[in-house]
Amino acid sequence: MQQLSRPARRALLVVHVAVSVSWLGLTVGLLTLGITGYTTGSPDMAGVAYRAMKVFGDWLVLPVALTSLVSGLVLSLRTAWGLARHRWVYLKFWLTLITVLLSVFSLRPGINRLAAEAAAGTPHPDISLLVAPAVATATYLFLTAISVLKPWGLTRRGRRLREAQSAEARAGRARRSGIKGASSADGRPGVVRRGRPPLSPR
């Protein structure tokens with residue numbers, strides 16, 4: 001697959017980092033509101049907290065999550081990092097995909113249910129809205145750490161590709177060395193002397 005140009009890669013990297021950090025901040029905000037709704041003794045305060053979570057869930061969770069996933073996928077496929085060459089990139093992709101699916105099919109439905117109860121005046125605090133943002137926050141912190149540290153080295157596929165590239169580079173250097181040696185022996189660039197060898201003196 002053709003790689004991105006340098007300006008495009010840098011622009012997409014800025015977008016990816018921005019939305020990834022935004023996703024982390026969003027989960028911290030949801031966790032704070034979830035703690036408020038669960039621990040407060042005021043039904044009114046719980047209702048406000050859960051309705052605020054619904055605003056975040058409706059307008060921010062899905063766009064931010066999908067933008068992070070898609071931008072990271074494009075960066076891995078269209079740059080030298082690759083998707084399955086480095087262990088940290090491969091793990092980051094799967095963890096991001098899992099968290100996106102959990103956000104869509106678990107977190108948002110839970111927020112919507114509690115927001116509907118709050119609108120009806122009967123909010124029932126649910127510990128799941130503490131657990132889900134807490135797990136998401138820990139996951140995003142872990143993803144941020146491995147993005148910075150880039151641990152664990154290459155996958156098997158990555159090692160095979162690197163060995164193949166190294167072998168190709170060595171073969172290219174050998175071909176260039178052979179052409180250069182032949183040119184030096186003849187005295188003229190790019191020409192190899194042919195014919196009978198000179199007679200040895202008697």
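The values are calculated or read from the model by the stated rules, or taken from the named source; none is laboratory data. Nothing here was measured: the structure is a model prediction, and the numbers come from that model. Virtual Cβ from ideal backbone geometry, glycine too; neighbours counted across all protein chains shown. Note: areas computed on protein heavy atoms with side chains; ligands, DNA, RNA excluded. Shrake-Rupley method; radii C 1.70, N 1.55, O 1.52, S 1.80 Å.
Observations on the structure shown:
- Rel. contact order, % - alpha carbon contacts under 8 angstrom, at least six apart, the chain: 25 percent
- Modelled FRET efficiency - R0 45 Å, W152 with S177, Cβ distances, 0.05 increments: 0.80
- Placed amide H near H86: partners under 5 Å, 5+ positions off or other chain: T155
- Taking every protein chain into account, the accessible area of the chain amounts to 64 square angstrom per residue (probe 1.4 Å).
- Surface share of carbon and sulfur [accessible, 1.4 angstrom probe, percent] for region 1-138: 71 percent
- Helix 87-102 vs. the chain, principal-axis angle (Cα, 0 to 90°, nearest 10): 30 degrees
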